[in-house]
Amino acid sequence: MANIKPFCMPKWGIEMTEGTIAEWMVKEGEAFAKGQLLCLIETDKITNEVEAEYDAVLKRLLTPASEEAHPVGALLAVFADADTPDAEIDAFIAAFKPAETSVAAKGGGAAPAPAPASAPAAAPATPAREPKKIVTNRAISPEALKLAEAEGVDIEPITGSGRNGRITYQDVVQALRPERAASFKGTAQLVADTPEAFASPLARRIAAQHGIALSGITGTGPRGRISKADVLALVKPTTAAPAVAFGAPFELVANEPSVQPFDKVRKVVARRLTEAKQTIPHFYLRVSASVDALMDLRKTANLVLGTKASINDYIVKAVALALVRHPDVNVQVHGDAVHSFPHADVAIAVASPKGLVTPIVRQADRMHIAQIAATTRALIDKAQAGKLGFEDMDGGTFSVSNLGMFGIEQFDAIINPPQGAILAVGGANRVAVETASGDIAFETRIQLTMSVDHRAIDGAAGAQFLQTLKGLLEAPEGLFA
Amino acid sequence: MAKMMYRDAVVSTIAEEMARDENVVCLGEDIVGGMGTPGGPEAIGGIWSTSTGLFGKFGADRVIDTPISESAIMGAAAGLALSGKRPIAELMFADFIGVSLDQIWNQLAKFRYMFGGKTKCPAVIRMAYGAGYNAAAQHSQAVHQILTGMPGLKVVMPTTPDDVKGLLRTAIRDDDPVIFLEHKALYGVKGEVSDDPDYMIPFGHARLSRAGQDVTIVSTGLLLGFCEAVADKLAAEGIGCDVIDLRTTSPLDEETILDSVEVTGRLIVVDEAPPRCSLGADICALVAEKAFASLKAPPLSVNPPHTPVPFARELETAYLPSVDKIEAAVRKVLSYR
């Protein structure tokens with residue numbers, strides 16, 4: 001039974017008690033390889049893909065995808081080697097007891113093994129197979145034997161590819177890898193050789209595809225032959241617009257859309273955004289703040305502190321300080337209850353290759369500006385590398401979204417549930433204002449728009465929070481108090 | 001386009017070139033075909049019928065029956081080439097090359113180099129090679145890997161009648177010694193042939209006979225047809241094979257092979273010579289060296305075993321790479337995980 005392993009509902013953070021299987025990517029009876037996507041699990045906070053940690057076969061699928069939530073530690077499926085008899089799987093399921101789960105606990109033996117909080121992949125962290133000593137008369141290379149013993153590979157069924165059937169390292173590696181589903185690209189266009197133009201087969205195919213005549217081309221290949229590169233040099237870039245004078249009559253060409261179906265994560269994100277926008281009663285509060293003092297201070301402070309904190313880092317710091325002064329805005333909404341927090345976990349919206357992500361600067365109110373700068377830099381790097389884990393995105397008491405760098409003056413953001421509010425930050429603009437003496441002067445202002453969940457936060461509470469925030473931004477010495 | 005047999009493409013190309021250039025002469029064992037027999041010259045014909053009618057057209061000065069001495073044939077060809085003729089020497093069986101190897105390897109192949117480029121050596125050495133005729137171990141071998149490894153020689157292995165036409169003409173008009181390997185089992189194969197009196201296929205220019213994007217199959221000669229049969233079978237399953245007919249093994253069309261493997265990521269070489277130090281091993285090494293980054297599976301060479309060619313029909317069939325063996329190799333490479 002060494003190779004039978006349970007797959008249980010993972011625990012992705014302190015607050016996670018249950019999860020829903022949104023979709024299985026592997027069917028019962030199918031083999032999967034390490035790194036392959038197994039399923040999509042949704043919690044009330046987040047959705048993520050679960051990757052396989054080893055190669056195996058999904059022998060038994062116990063909980064199909066549904067709306068129904070399953071507690072952390074619940075047995076979802078059983079993985080094993082392809083040749084494991086059903087009876088053994090049945091016995092395993094009958095004997096299975098969900099173990100006490102905690103965030104950092106690692107599984108041992110047959111107990112369910114929730115992934116450690118630092119690893120987003122939820123499959124058990126036990127090795128694929130148990131190491132075992134191999135005693136054999138068969139010819140096998142020393143490295144191959146070492147690998148087979150370490151991975152517990154049965155070498156008997158392996159056909160050795162070496163001389164006289166000797167088993168090589170490659171043979172054992174092949175035995176360890178599951179069969180792959182075949183996917184082939186198929187045949188291609190065969191362009192006949194033309195005696196008058198001496199060109200490589202690929203060059204001929206490319207020329208035919210682009211309607212290029214080969215006869216006039218001087219080849220740079222061996223013995224003056226026309227190579228791929230010679231033809232590619234003549235292929236017109238497809239993006240170049242036809243040289244048609246502006247206003248000249250033109251023929252309508254097909255304007256076909258390129259259809260890009262949502263990937264699985266995007267689907268869930270789309271559903272959640274729709275839900276948030278439709279079910280949360282948003283209202284919006286707008287204010288502008290003068291940031292000349294902040295910009296001056298930033299230069300000096302960054303120099304003194306040896307940091308490269310951005311304006312947005314200072315805004316996050318100001319937001320965090322304002323939040324702890326207004327705990328009625330530093331909230332999450334859970335059903336009929338409002339949870340307000342003593343510290344500010346500020347989520348920052350980051351554009352990443354996988355789409356918009358919102359990693360969290362935890363307890364930002366307790367952080368020094370240099371710490372905030374370092375934390376946000378690290379989160380942005382992780383986001384852009386597509387490496388953000390659940391622990392980076394789970395929770396949050398407030399969000400900040402900044403599109404100022406794109407020249408956006410102001411915008412309205414959608415609340416990121418269960419948080420109670422989100423601040424949309426626009427770009428800095430030079431604006432003419434009336435001075436105390438009645439003259440006109442220019443100053444730099446940014447527009448702030450806060451989207452608020454009216455179920456939890458009233459207009460006055462939100463307004464007071466923004467007043468404090470504006471004060472902190474306009475008198476930034478307060479950020480260092 | 002005329003339709004003709006592989007052997008007729010040989011003889012008609014020689015005849016056309018002899019008519020075009022009086023320096024072109026033929027020599028070999030029994031190429032007149034019947035000299036000294038009661039019926040007289042040409043009464044019987046050469047054993048491969050690849051010189052039929054030449055004697056009648058061009059006479060004894062230009063179509064020379066030689067004694068049974070391969071060394072003498074090659075030595076005479078070398079001398080003719082050095083003195084301004086364009087000899088086409090026939091070695092009845094490629095297996096006999098050992099007897100004449102010094103003339104080919106140390107003389108013909110070296111002249112231009114050792115004379116500092118001051119002389120040319122425009123000789124063509126034609127020879128029939130290959131298994132499949134129950135001709136036993138001394139009359140069935142493929143010898144291209146020996147000759148391909150010799151600097152100074154060009155090695156041609158045509159597969160179709162049209163390629164015979166285009167490549168033999170290029171060989172005759174080439175100023176360097178060219179080994180022209182004709183597969184015995186292909187002599188009777190018919191195909192369309194170009195009528196152009198100057199039709200030439202440049203050396204080092206492979207032919208793509210099937211186009212696909214999943215696996216590259218490189219071969220030439222008799223086995224190319226087996227590869228095409230495999231490609232056609234797999235195409236029906238949605239698996240695309242690039243089948244490359246090398247045409248010449250020296251110079252080698254490296255570019256066509258690498259261009260293809262960069263798309264497919266998989267390589268099979270099907271070679272009629274035994275596996276060690278073979279054309280298959282050479283091309284696998286080339287691809288491992290220069291297209292490693294594109295490979296999805298180890299390159300694989302399909303060769304006969306490391307044994308002499310057997311005489312018994314069943315054993316000879318088992319010896320040669322077959323359609324089934326090639327298909328199995330392709331599937332093995334495709335299933336690499």
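The values are calculated or read from the model by the stated rules, or taken from the named source; none is laboratory data. Keep in mind it's a predicted model, so treat the numbers as computed, not measured. Cβ placement follows ideal geometry from the backbone for every residue including glycine, while neighbour counts extend to all protein chains displayed. Heavy atoms of the whole protein, side chains included, go into the accessibility calculation; ligands, DNA and RNA do not. Shrake-Rupley method; radii C 1.70, N 1.55, O 1.52, S 1.80 Å.
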Would you check if residue A:236 is more than 14 Å from every other protein chain (Cβ to nearest Cβ), within 30 Å of residue B:208 (Cα to Cα) and within 43 Å of the chain's Cα centre (by Cα)? yes
Can you pull out every residue in the range B:279-304 that is within 21 Å of residue B:225 (Cβ to Cβ) and in a loop (DSSP other than H, G, I, E, B)? B:303, B:304
Please determine whether any residue of the range B:325-334 is under 23 Å from the mean Cα position of the chain (by Cα) and touching a residue at least 40 places away in the same chain (Cβ under 8 Å). yes
Of all residues in the range A:341-357, which are touching a Ser or Thr at 6+ places or on another chain (Cβ under 6 Å) and within 17 Å of residue A:48 (Cα to Cα)? none
It is to be established whether one or more residues within the range B:117-132 are of a type in the set (S, T, N, Q) and at negative phi. yes
Which listed residue, of B:259, B:253, is within 8 Å of another protein chain (Cβ to nearest Cβ), touching a helix residue (DSSP H, G or I) at 6+ places or on another chain (Cβ under 6 Å) and either surrounded by fewer than 23 Cβ atoms within 10 Å (Cβ to Cβ) or closer than 15 Å to residue A:201 by Cα (or both): B:259
Among the residues of the range A:31-75, how many are under 17 Å from residue A:264 (Cβ atoms) and of a type in the set (Asp, Glu)? 4
Test: residue in the range A:451-466 that is under 34 Å from the mean Cα position of the chain (by Cα), closer than 18 Å to residue A:311 by Cα and open to solvent by 40 Å² or more (accessible area, probe 1.4 Å): no
Against the definition (farther than 26 Å from residue B:162 by Cα and either among the basic types (Lys, Arg) or within 23 Å of the chain's Cα centre (by Cα) (or both)), how does residue B:70 come out, yes or no? yes
Picking from B:84, B:79, B:56, B:75, the residue that is out of contact with any Lys or Arg (no Cβ under 6 Å at 6 or more places or on another chain) and over 27 Å from residue B:119 (Cα atoms) would be B:56
Can you confirm whether residue B:32 is in the same structural domain as residue B:185 (by TED's automatic domain parsing), modelled with pLDDT of 95 or more and open to solvent by less than 20 Å² (accessible area, probe 1.4 Å)? no
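Residue check: is residue A:179 charged (D, E, K, R), under 23 Å from residue B:296 (Cβ atoms) and away from chain B (no Cβ under 14 Å)? Steps first, answer last, please.
On the way: charged (D, E, K, R): yes; under 23 Å from residue B:296 (Cβ atoms): yes; away from chain B (no Cβ under 14 Å): no.
In short, no.
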Restricting to the range B:247-278, count the residues that are of a type outside the set (S, T, N, Q) and not in a loop (DSSP other than H, G, I, E, B). 12
Verdict on residue A:222 being surrounded by 10 or more Cβ atoms within 10 Å (Cβ to Cβ) and of a type outside the set (A, V, I, L, M, F, W, C): yes
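When you go through A:354, A:382, A:387 one by one, which is the residue that is open to solvent by 10 Å² or more (accessible area, probe 1.4 Å), without any contact (Cβ under 8 Å) to a residue 12 or more places away in the chain and assigned by TED's automatic domain parsing to the domain that holds residue A:301?
A:387
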Taking the conditions exactly as written (within 30 Å of residue A:334 (Cα to Cα) and either touching a Lys or Arg at 6+ places or on another chain (Cβ under 6 Å) or basic (Lys, Arg) (or both)), does residue A:271 satisfy them or not? yes
Between a residue in the range A:60-73 that is more than 24 Å from residue A:13 (Cβ to Cβ) and any residue that is aromatic (Phe, Trp, Tyr), which pairs come within a Cβ distance under 8 Å, given they are 6 or more apart or on different chains? A:61/A:24; A:64/A:24
Residue in the range B:318-328 that is touching a Gly at 6+ places or on another chain (Cβ under 7 Å), assigned to a loop (DSSP other than H, G, I, E, B) and either open to solvent by less than 40 Å² (accessible area, probe 1.4 Å) or not assigned by TED's automatic domain parsing to the domain that holds residue B:157 (or both) present: yes
For the range A:233-329, which helices (runs of 4 or more DSSP H) that fit wholly inside it have 1 or more residues that are aromatic (Phe, Trp, Tyr) and either under 18 Å from residue A:475 (Cβ atoms) or open to solvent by less than 90 Å² (accessible area, probe 1.4 Å) (or both)? A:311-325
For the range A:395-438, which strands (runs of 3 or more DSSP E) that fit wholly inside it have 1 or more residues that are closer than 29 Å to residue A:338 by Cα? A:398-402, A:421-425
Return the residue satisfying two criteria in turn: it lies in the range B:172-217 and is part of a loop (DSSP other than H, G, I, E, B) and among the acidic types (Asp, Glu), and of such residues it is most open to solvent (accessible area, probe 1.4 Å). B:195
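Among the candidates A:174, A:170, A:189, A:209, which residue alone is within 14 Å of chain B (Cβ to nearest Cβ) and either open to solvent by 100 Å² or more (accessible area, probe 1.4 Å) or of a type in the set (Asp, Glu) (or both)?
Result of the check over A:174, A:170, A:189, A:209: A:209.
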Residues located in the range B:218-232, provided they are surrounded by fewer than 24 Cβ atoms within 10 Å (Cβ to Cβ), away from chain A (no Cβ under 12 Å) and more than 18 Å from residue B:157 (Cβ to Cβ): B:229
Mind checking which residues of the range B:101-144 are open to solvent by less than 40 Å² (accessible area, probe 1.4 Å) and either more than 23 Å from residue B:276 (Cα to Cα) or acidic (Asp, Glu) (or both)? B:108, B:109, B:111, B:119, B:121, B:122, B:123, B:124, B:125, B:126, B:134
Note on residue B:235: of the conditions (1) crowded, with 19+ Cβ neighbours inside 10 Å; (2) facing chain A (nearest Cβ under 8 Å), unmet is (1)
